[in-house]
Each structure stands twice: as structure tokens, then as C-alpha cells.
Amino acid sequence: MPPSYEPIPVHELLSESETAKVAKKFGISLDKFPKINEGDPQAKKIGAKAGQLVAIHREDPTGKYTYYRYVVR
Amino acid sequence: MQAESIDTIKFTIVSPELVKKMSVTKLMVPDTYNEDGYPIDGGLVDQRLGVIDPGLKCKTCGGRAKTCPGHFGHIEFVRPVIHPEFAKTVYLLLQSTCNQCGRILLSEEQIGELRPAIKTYVSAEEEEDAARSTELALQGLSDAAKELLLKRLKATKECPHCGTPHPKIKLERPTYFYAGENLRIKPDEIRDWLSKISGSDLTLLGLDAALRPEWLILTALLVPPVNVRPSITLESGERSEDDLTHKLVDIMRINQRLEQDIDAGAPQIIIDDLWELLQYQVTTYFNNETPGVPVARHRSTRPLKTLAQRLKGKEGRLRYNLSGKRVNFSARTVISSDASLTINEVGIPRRIAENLTVPFYVTLWNIEAAKALLLKAEYPMVINAITKEGLRKRVAEANRQELLAAIQPGWVLERQLVDGDIVLFNRQPTLHRLSMMAHTVKVLPGKTMRLHVSVAFPYNADFDGDEMNLHVPQSIEAQAESRYLMQPKDLVLSARDGRAVMFTEEDEIAGAYFLTKDDATFSKEEACTMLAGIGVYDLPRAVKGGVFSGKSIFSMILPDDLDYEEDSKGNKVVIKGGELKEGYIDAKLIGIGGTLIQRMFSSYGSDVTMRFLLNAAKLSLRALLMQGVTISIKDYYNSDFVNGEKLRIVSEVSARASELYSKYKKAELEALPGYSRKETLEMETLATLDEARALASKTLEKVLDRTNIAYLMVLVRARGSVLNLVQTSMLLGQQAVRGKRLSRGYSGRVLPYFRKGDKAPNAKGFIASSFFEGLTPIEFYMHAMGARDSGMTKSLVTAVSGYLQRRLINALQDLYVDRDLSVKDASGALIETLYGGDGIDPMMEQVVRSGA
């Protein structure tokens, strides 16, 4: 079987105001979000720094949805 | 649940001073009771240690047996002994410090080198906050730092501070220390040594500077209160002491003898022997399973259960008493089936109902009912009355009137279990939430708890001796919660995929077929019997000749406005306006994952669905009862055509297998990626021979029809599979072990019947006989090999996957779906932004998708 490759879902760095909006939406503080390491290739690519929030636009059999990760060191 | 978060737990060691402070008395006499059976003062059951005999008063707190919590005493050792559980720590300290000056065996430069590794300690020192500093120091050395340290120490032959040569220290388990090869270091010497070590050196070793290492050598032993080691009085009036008391007596006895011998100036050898004996007694007192130490035994040769044994293992304090608690208001007995119950009910034996109670909360508004209840002197009566003060009084003839006069709002009456009460019913292993559901009580004669067969599936129960547990929710909240969340009728659909987990099976499916097949007609009498059996006192419209079609009878239990269509191979079912127009009812509709059940649940809700399920089952059984089904040997007897086909199939696959082999021999067979040619041959041969069964089932399916009852049962999915039919009447097919054809046994062959290297399919587990024909001994043996392998694999897989499942559940147990449909855990941390990625509950999926 030929190998099939799937690109990593798009990571997007959120602005401060967007971050606040997302945190408010879920009613939790930023440290309660799932984490992503600053050194993660995707985090590096978009230049995410610790303390920021990253939106991940995923698509899987259940449909399109957005996941969030809090950047940590 | 996370109410309060614990920041730190600190375990420390106890100093001799603290022991004496905690102790209410020093114990002197190594005995328990005197001749009169009275506790000896200064003995191990000294009344200052607390009392357990009713009637006696504690000499420390003045409390009685029930109120006195017990008090610690202590024993003072004439000669110190090493705490056996800390021998390792002592060993580390002796290895790494100087006997003379007590300094760590590292030069100041070396300590400086180590600094980066023990940064925690340094930063803690800089911190002014004292509490914080000890906390950090307690984190101790990193493993890497410790390793480095030990390496340094090994190389050190003399103390870098005072130049004293440092001998190699040897630890002989459990508690003997030697300097060099033979010179024994006695506990008192060790104690002196350890007391020389400075606090700052201790922190370098990863120890708490506030705790003195010499405390690891015991000079005083804390004696637990008698409440911890109660003695029991046998029927003969003889007292039997607890194992701990026995052990403590031993310790004190040796301690006393040691003292006497020292005072009498006995030779050193005798004193040393006794000292060692004391060490042994103390070692076994802490842990009677210390490696390298003979087990201390009771007079009856039973090993003593000492401190460690009380806590350890499955029967220990932690796993048995703390993790596993016993519960009240519960019952357990054998289960059996009862078709008259609903899936929501559970039949409770009268004996159990009489013993279990439900609280009746007396209020201003129900006090008259409460009084009436209290007056009753037989079955549904009050067992206990709990007053406003929380005093529980047993209701008896003698005090009934008295209680009746005293009763007032705020009281609680514990009345016996009656029909309609809600109870939790559970079967272990409790693997999913359907293993524990809330049923309504139905009190029945007999000794078993009864449930409807349709609800046996989610419990994974059968009635071959299974037992189940019952719990009675006591608070109103618990009862309400059970009613709203846990009733079987509301859980008909699986939370995993929304398919029915409560359904009809086997006979019921067969019956449904006979009831609803196209040519099924019933006389008026038959129709009446069937319908009256489910409480329908109405008849459908008769067809010509005064008979009733089965379809119209079945339609009586369908909602009037139900429109439904289902097309599965060869059976198109059409229901229009609550009337079964076309097709027959089979397992696809009302069996496991039944689509009709699913549809009923989403369109009409739990009560209608439950009623339908029960009615369908009962109606079908009635129909089956009138029809009767017999499977005979005839169903498995093959025509000449089938037998011919079978021979053809066997020779065909054999030919293909040998063709594969010759291709292999000629090196024409190409290896599959990642496999050798030999493996490829084996795999392809197996696939080829395995095909025999598939070919045989094709033949059978072509030949058989609905006149063959065994095949009919397969077709309507009542019972059995085509594979079963193939194996009974055509051939068993290829047997496999570990997913390969049989290969092991004798060298080069499975059984000595065959020649070595025999290439024939039957030499490697291909069985051309059927169960009908019977197996040859060789075939029988091979079949048994395959059967044993699959049996072993199955039991192994269930054990492994069960444990994995359990760990997964434990890891995920406090996740919940929040109001915004995001998944969070108990600490509020976000796990998933939208439940399942789409926010849909599979149980309600139908509802959501269809917009109903």
C-alpha cells in the first residue's frame, strides 16, 4: 500500500483580544487549556511564545472544529 | 471531585523525646494479666493505655471502653537497636560520613562541584522562609546527583576533613553493619557516629536537616494502645492476645533479661547474643516478612501478623479496609428470569424486602400516614424509628404505643421495602454504567432476585447461577437521581453508538417471524389468546374466512401513527400508519441493535419503547408456542449434490494449495513485502485452505431454503450462523494455532500418523469431515488443538483488555461535558473543545440527526 500523508492541521496564533475571548467562552483561565511546548515545530513555525494561545483548525470524520493550546516553555 | 487541594504531605521520623512525650507510661512488666485476670500495672495492657473491657475505666482519660480513644505507652531499650526499615538510610550515612568528625566524605571543592546538582538545596538556603527551605530540601537530590556523590565516596579512602581512614562499610541484611570485612559495628556505636553528622551535611545527602539520623537507632519504642491490639475472650473464658501484644511481650522479655544480665556482669558474648535477639524481635515486630530474617511464629506455628502485615497487600488495611468498604442497605442472591416483569422492575424475595429499609421522613403533612405506618405489625411495617436527636430505636410491640405518642415532624421511620421503591441493581464486573441500573421493586415469593431477560444483556448476566447485588438509595436526592438517570427504560439505547442494548432474542425472534411472515394466519381464538396475553382486549380487522393475519396482530402493538421502512437483504419491511404492511419482523428490527427499537425510542420515548419491547417479546413467544419449532437431523442431512460439491471443494483447495507449493519449489512464488518466501507460502496456503469454508457456505446457501428450520433460524437471525451449518453438515475446515496452520507437536509433523514433511492439507489441520459425519481420532485431536488455542487466547485477551479498559476508565473518570458542550476534568482543565468533535450524544444521535 502506498503511504498516505496528511498535513498537520493549521496552527494559528491568537491575538491577545482573541485569546481573552476564547478563555471567556470556556470560562477558564489560560493554564486550564491543553498545552503545547514552545519548542513544538508548529509553535516555532508560527512564532508562538509561552503565555500565548494557539488555535488548531482540525478536520476529522466528525467534521471541522477548533482546538486550542496554551503555549508553555 | 476536588474539594480541597493538598499542597504537601510530609512524613517524618519520631525522636526518642517525642516517643516519651506521646507516651502516657513507661512499660516495665513483660506480661498482660495477673492470676485474677486483672491487668498488670506497667504491663502491656496497663489500664493507662486505654480500656476495651466494658465496665472498666481508663486511668488516663477516665473514659469508658466506648469513649476512650486509647493512649500510647513506651518501652525503653537497655541497648539501642536499629530500626530495620531504615537500615538502608543508615547504610548510606555510614558509607558517606567520617567516623571521627562526622563530616561528609567530600572536600569543600567537591561539595562545590556538587552544588549545581543540588541547586534545590542552595536556592532553598537563600530563601528566607524557613518552612519553604525544608520543603525544598526534602525534594532531595536528583538521581544523577546521588550517583555522582556515591561514585566520589567510593573513591574516598580517608576523610578529607580530618584525615581519618574510612573503612569500607558492609551491610549484612537486615541490620548488621561491618567496618571492613569483619569488625562488627554495634548499634550504640552507630548511634554515636550518626549523632556527629551535621545538619548541613545531611542536606547534601538529600535528608532533612531537622531530623536527626541517630533517631533511626531506637532507644525507645512506642507501644500502641490496647485498642489497636484488642484481646479476645474465647468461649472457654480463656483470653487470647493479639499478635502485636505477643510480639511486644517478647520484646520486653528480652529487654528485661538483657538488663538483668548486664547488671549481673554477664560475659560479653551472652550480652551480645541477647542484644541480637532483641534486634530480631524488634525487626519482626515491624515486619515479619523482612528478607533474611526467620519468621516469628505463634505457638501454633502460624506466622505472626505484625505491623507491616497489617497494612500490606490485598487483605491489608489499605486495600481491604480503606479502599474497599462494606456497605449497608444492600442484598445479594442468585438471579433468575421472569417474563412477567418489565425491564424496569426487579423481583425481590420477600425475605430480603423484609430486611431492607427505606427512610420515611416524618413531616407536618404526613404525620398521620406515619402514625398509621408505625401502627402496622406485619410486613410493610416500620423496623426502626429515628428520633429528632438521631437516636435509632427498634420498633417492637413493647414500645410501639410509646413511640406513637412521641412521634413528631423531624423523625425518620425506617420502613420495609415495598413495591414501587427504587433500588440499584448491579452485576459484577461493573464494566460500564449499564452494569448498575435503577429498578422498581416488585416483591415476590421465592429466594431469587428476578429480572426480565431483555435486561440481562447489558448486565451480561445469565441464569446459570449468577448472583447480583442490590442497594437501596436512602436519601430522597439519591432516589430521585436514580429515577432520572439510571432506569433501564431510559437506557435502552447504547451510549456508545445509539443502538439498542435491550432487545429480544432467540425464541422471541423466531416467534416474531412465525407471527409476521406473509402466510401467517390465526383463528379468532388464537388471536384472542395472544393479544389478551399482553393486555390487549381488542382484535384487528379479520381477513376473509374469519381468520386474522399475523401482521395485523403484530400491528396491534405498534403506535397508530408509526411510519417505518427498512430494507435488509430479502426482507423489505414497510409499516404505514401503525400497520405492518410488508415483510416480517426479525432480529434486524427487534434484536440486538434493533432499528425498530431505536426508532420507537427516538419517536415515542422510553415508556412506549419499553412496552413495545415487552409486548413484542410476549406476543412472539405466544405465536411460537402455537407453531412449535423442531430442528431435526434432517436439517443437517446433505443431498448427493452437496456431498459432491464438498468433495469438489476439498479437492479444489487442495489442488490450489499444492500448486502454490510447486510454485514455491520452482522459485516462482514471489514473497510478499516484509515476508520471506517460506512465510508467504504458508500464509497463502492458509488463505487458500481457509476458503474451503467460504465456498461450502456458498453451496449451502444455494441449496437450503426456509423449509430447513436450522437455516431458517439463521435467516431470521434467531440463532446460529451459516458457519455452524457448514461445520455440522459439510466440513470443519482448516484448524489454526496462533493464526497459523497446525505445525508443532512431533519433529517435522503434528502427529506420528503422518510422515515427516507431509505436504497434504490434512497433515496440517485441514479437516474435511463434518460434525455430522464424525471426526477421525486424528482430526479430533487437531480440532482440540485449535479449540485450546482459541480458548487460551480468548481468556488472555479478556484479562489484558479488561485491565487496560479499567485503567482508561480510571484515567477518564472525572471528565464531564460542560454546559457549553466542551469536555473538562474535575480541576476545570479543558480536554476537548466540543464533545466528540461534533457535540453529539450517540444515544440521542437519531433524535438530533432526524430533527425529531
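Throughout, read-outs are computed from the coordinates displayed, never taken from laboratory work. Fair warning: this is a prediction, and the values are worked out from it, not measured in the lab. Note that we place each Cβ from the backbone using ideal geometry, even for glycine, and neighbour counts take in every protein chain shown.
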Residue mean of other protein chain beta carbons inside 10 Å, A:16-28: 2
Over chain B, what number does the Rg to Rh ratio reach, with both radii from the alpha-carbon atoms and Rh per Kirkwood? 1.09
Give me the Kirkwood hydrodynamic radius of segment A:10-72, using the inverse of the mean 1/r over all pairs of distinct Cα atoms, in Å to one decimal. 11.8 Å
Would you report the distance distribution of C-alpha pairs in segment B:330-491 as whole percents per 5 angstrom bin, up to the bin with the largest distance? 2, 9, 18, 20, 16, 13, 9, 8, 5, 1, 0
What size of dipole, in debye to the nearest 20, comes out for chain B about its Cα centre when the only charges are +1 on Lys and Arg C-beta atoms and -1 on Asp and Glu C-beta atoms? 1860 debye
How far apart, in nanometres, would the label points at residue B:484 and residue B:26 be if each is projected 7 angstrom from Cα along the Cα-to-Cβ direction? 6.5 nm
Nearest 500 deg cm²/dmol is fine: what mean residue ellipticity at 222 nm does chain B get from its DSSP H runs of n ≥ 4 alone, each adding -39,500 (n - 2.57), divided by its residue count? -12000 deg cm²/dmol
Could you quote the convex hull projected area for segment B:575-686, Cα atoms only and averaged over all directions, in nm²? 14.2 nm²
Could you tally the net charge around residue B:65, taking each other residue with its Cβ under 11 Å from the Cβ of residue B:65, Lys/Arg +1 and Asp/Glu -1? +2
Selection from B:842, B:780, B:439 lying farthest towards where the dipole of the protein assembly as shown points positive, charges on Cβ: B:780
Förster-model FRET efficiency, 30 Å R0, residue B:210 and residue B:155, C-beta, rounded to 0.05: 0.45
Can you tell me the length gained on complete extension of the stretch residue B:67 to residue B:667, counting 0.36 nm per residue apart and subtracting the Cα distance? 207.0 nm
When B:792, B:626, B:437 are ranked with the fewest other C-beta atoms within 10 Å first, the list becomes B:792, B:626, B:437
If one computes the Cα centroid of segment B:418-478 and of segment B:782-852, what distance in Å separates the two points? 23 Å
The protein assembly as shown: projected area of the alpha-carbon convex hull, averaged over directions, in nm²: 61.4 nm²
What is the projected area of the convex hull of the Cα atoms of segment B:634-773, averaged over all directions, in nm²? 10.1 nm²
So the compactness index of segment B:353-435, its C-alpha Rg divided by 2.2 N^0.38 Å, takes the value 1.29
Among B:32, B:159, A:68 - extreme Cα towards positive end, dipole of the protein assembly as shown, charges at beta-carbon: B:159
Where the only charges are on Cβ atoms (+1 Lys, Arg; -1 Asp, Glu), what is the dipole of segment B:654-732 about its Cα centre, to the nearest 20 debye? 220 debye
The relative contact order of chain B, taking Cα pairs under 8 Å that sit 6 or more residues apart, comes to a percentage of 8 percent
Taking the dipole about the Cα centre of the protein assembly as shown, with the C-beta of Lys and Arg at +1 and of Asp and Glu at -1, give me whichever of B:176, B:56, B:187 is farthest to the positive side. B:176
Log entry: pair-distance distribution for segment B:520-625, C-alpha pairs binned every 10 Å from zero, whole % per bin is 15, 50, 32, 4
Among the listed pairs B:442/B:588; B:524/B:569; B:314/B:447; B:312/B:447; A:21/A:49, give every one whose C-alpha distance is greater than 29 Å. B:442/B:588; B:524/B:569; B:314/B:447; B:312/B:447
Gained length - residue B:690 relative to residue B:89, 0.36 nm times residue gap less alpha-carbon distance: 210.0 nm
Scaled by the rule-of-thumb 2.2 N^0.38 Å, the alpha carbon Rg for segment B:232-325 gives a ratio of 1.34
If one puts a single equal scatterer on every Cα of segment B:755-799 and applies the Debye formula without solvent, what log₁₀ I(q)/I(0) results at q = 0.22, 0.24, 0.25 Å⁻¹? -0.80, -0.86, -0.89
Pairs B:10/B:824; B:20/B:247; B:551/B:618; B:551/B:576: which are spaced more than 22 Å apart, C-alpha to C-alpha? B:10/B:824
